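What follows is a short report on a single structure.
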Amino acid sequence: MKIVIAPDSFKGSMTALEAAKSIERGVKKAMPSCETILVPVADGGEGTLEILVSATNGRKVEVDVIGPLLNKVTAQYGVLGDGETCVIEMASASGLCLVEKEQLNPMLATTYGTGELIKKALDDGFRSFILAIGGSATNDGGAGMLQALGMRLCNAEGESIGFGGGELSNISTIDDIGFDKRIKESKFLIASDVQNPLVGEFGASYVFGPQKGASKKMVEQLDRNLHHWSDLVEIHTGICLHDKPGAGAAGGIGGAFQAFFPSETKRGIDIVISYSQLKEKLRDSSCVFTGEGQIDSQTASGKTPMGVAEAAKKIGIPVFALAGSIGKGIEVLYDHGIHSVHSIINTPMTLEEAMERGEELLESTAEQVLRTYLSSIHNQ
């Protein structure tokens, strides 16, 4: 029996590779003779760079950049095995992971460091990019990134504005004379599972602002600021970002790519599946294990378990999804290839304990799920 193991990370507890190894240990306990194929995956958020670099035998380059709150951080870009494709993970330079919870503030947080990463990669000769834009701490519409690449965003006095989503209302003019000319010579593949528009009830500020530290009042101000920004972008480029699907991704940086870059957007999980050759590895397998920290109705929007299940369903392979927690609305997943969903929490415990014991719990759950599956097929 061949079993493919393709989980995402369990954030705060395990990387995707650690999760895959934990599942493998459980699977081997249930069936020591089985063949296991480990394919750690991601959906465009944290961990995407690591997985793509590893899957293609690439390399990583460290770059010192300005972090989301103007502190210096050491970020990375990846070079795939072809030696020509550069992977930039936004979270590495402008991510939630770089800010303490009590310091989160999307009014101040900037994407400038992400722009610096792109500039350094351009300086190093790269013209083909994959941008993984999940996990950002920002809501600045990509303004900081554009500033780092030479665009001037000026106030009524002709002076450059400051950084963060709170500054967007001060922009009077967009001056792109100094915008890096190499951008037009390049191609950018944006990895994102977010289809939200830039503004409004379902836009960047209202949907994602609270998890980045925005109060209700801040959310309202950030949305007004993005309205102002998108009005100016439309005047300057003729591109209306207000209701454009995907423009609200990563605090609006999705819109900046749509307006100012030669770019194409694809689901992050589809990009990772392609580069990791998951579909090829699924051939002749008996079942698939996937999973991530939480599985709920949002998983169907293109999260890792959904992408893995869709690939497996095409060739009729059952998929077992393991999760740290299970939310509402998972019923929709069963129509897309997921055979069953299982929580790894087997007894009452705190979140801290569950995260600390993640590998042990994942291993145990994988073992029990496979034992149940083996019993069911033997009794048929």
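The values are calculated or read from the model by the stated rules, or taken from the named source; none is laboratory data. In this text the structure is predicted, and so the values were computed from the model without any measurement. Note that each Cβ is placed from the backbone with ideal geometry, even for glycine, and that neighbours are counted across all protein chains shown.
Quick notes on this structure:
- T36 being in contact with an Asp or Glu (Cβ under 6 Å, 6 or more places away or on another chain), free of Cβ contacts under 8 Å to residues at least 40 places away in the same chain, assigned by TED's automatic domain parsing to the domain that holds T290 and among the β-branched types (V, I, T): yes
- S375 vs. criteria in contact (Cβ under 8 Å) with a residue 40 or more places away in the chain and either part of a loop (DSSP other than H, G, I, E, B) or under 23 Å from P32 (Cβ atoms) (or both): no
- Any chance I253 is within 24 Å of L98 (Cβ to Cβ) and in a helix (DSSP H, G or I): yes
- Count of residues meeting criterion [under 13 Å from the mean Cα position of the chain (by Cα) and touching a residue at least 60 places away in the same chain (Cβ under 8 Å)] in the stretch 254-280: 8
- Test result for L98, in the same structural domain as G252 (by TED's automatic domain parsing), under 17 Å from the mean Cα position of the chain (by Cα) and free of Cβ contacts under 8 Å to residues at least 60 places away in the same chain: yes
- Filtering E359, E363, E352, E331 for residues that are acidic (D, E) and either at positive phi or in contact with a Lys or Arg (Cβ under 6 Å, 6 or more places away or on another chain) (or both) leaves a single hit, E363.
- Qualifying residue in the stretch 145-160 (condition: closer than 27 Å to G81 by Cβ and either modelled with pLDDT under 95 or in a helix (DSSP H, G or I) (or both)): yes
- Close pairs from the stretch 351-363: first in the same structural domain as A20 (by TED's automatic domain parsing), partner among the hydroxyl-bearing types (S, T, Y) and surrounded by 19 or more Cβ atoms within 10 Å (Cβ to Cβ), Cβ under 7 Å, at least 6 apart: M355/S13; G358/S13; E359/S22; L362/S22; E363/S22
- Residues (surrounded by 15 or more Cβ atoms within 10 Å (Cβ to Cβ) and either part of a helix (DSSP H, G or I) or among the acidic types (D, E) (or both)) located in the stretch 184-209: D193, A204, S205, Y206, V207, F208
- Elements of the type helices (runs of 4 or more DSSP H) sitting completely within the stretch 16-102 and holding at least 2 residues that are modelled with pLDDT under 95 and under 30 Å from S285 (Cβ atoms): these cover 16-30, 48-55.
Here is a yes/no grid of residues against (1) among the charged types (D, E, K, R); (2) within 18 Å of S192 (Cα to Cα); (3) in contact with a Leu (Cβ under 7 Å, 6 or more places away or on another chain):
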position	(1), (2), (3)
P262	no, yes, no
T265	no, yes, no
I269	no, yes, no
S274	no, yes, no
E280	yes, no, no
S286	no, no, no
S301	no, yes, no
A312	no, no, yes
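- Inter-residue pairs, beta-carbon under 7 Å, first within 20 Å of L49 (Cα to Cα) and in the stretch 66-77, second among the β-branched types (V, I, T) and surrounded by fewer than 17 Cβ atoms within 10 Å (Cβ to Cβ), 6+ apart: Q76/V61; Y77/V61
- All positions within the stretch 288-308 that are in contact with a strand residue (DSSP E or B) (Cβ under 6 Å, 6 or more places away or on another chain) and in a strand (DSSP E or B): V288, F289, T290, G291, G293, Q294, I295
- Among the residues making up the stretch 210-222, a single one is in contact with a Gly (Cβ under 6 Å, 6 or more places away or on another chain) and either free of Cβ contacts under 8 Å to residues at least 60 places away in the same chain or surrounded by fewer than 22 Cβ atoms within 10 Å (Cβ to Cβ) (or both): V219.
- Of all positions in the stretch 318-336, at least one carries a residue that is at pLDDT 90 or above and assigned to a loop (DSSP other than H, G, I, E, B).
- Set G327, G307, G337, G316: member being farther than 19 Å from A16 by Cβ, small (G, A, S) and buried (at least 22 other Cβ atoms within 10 Å of the Cβ): G337
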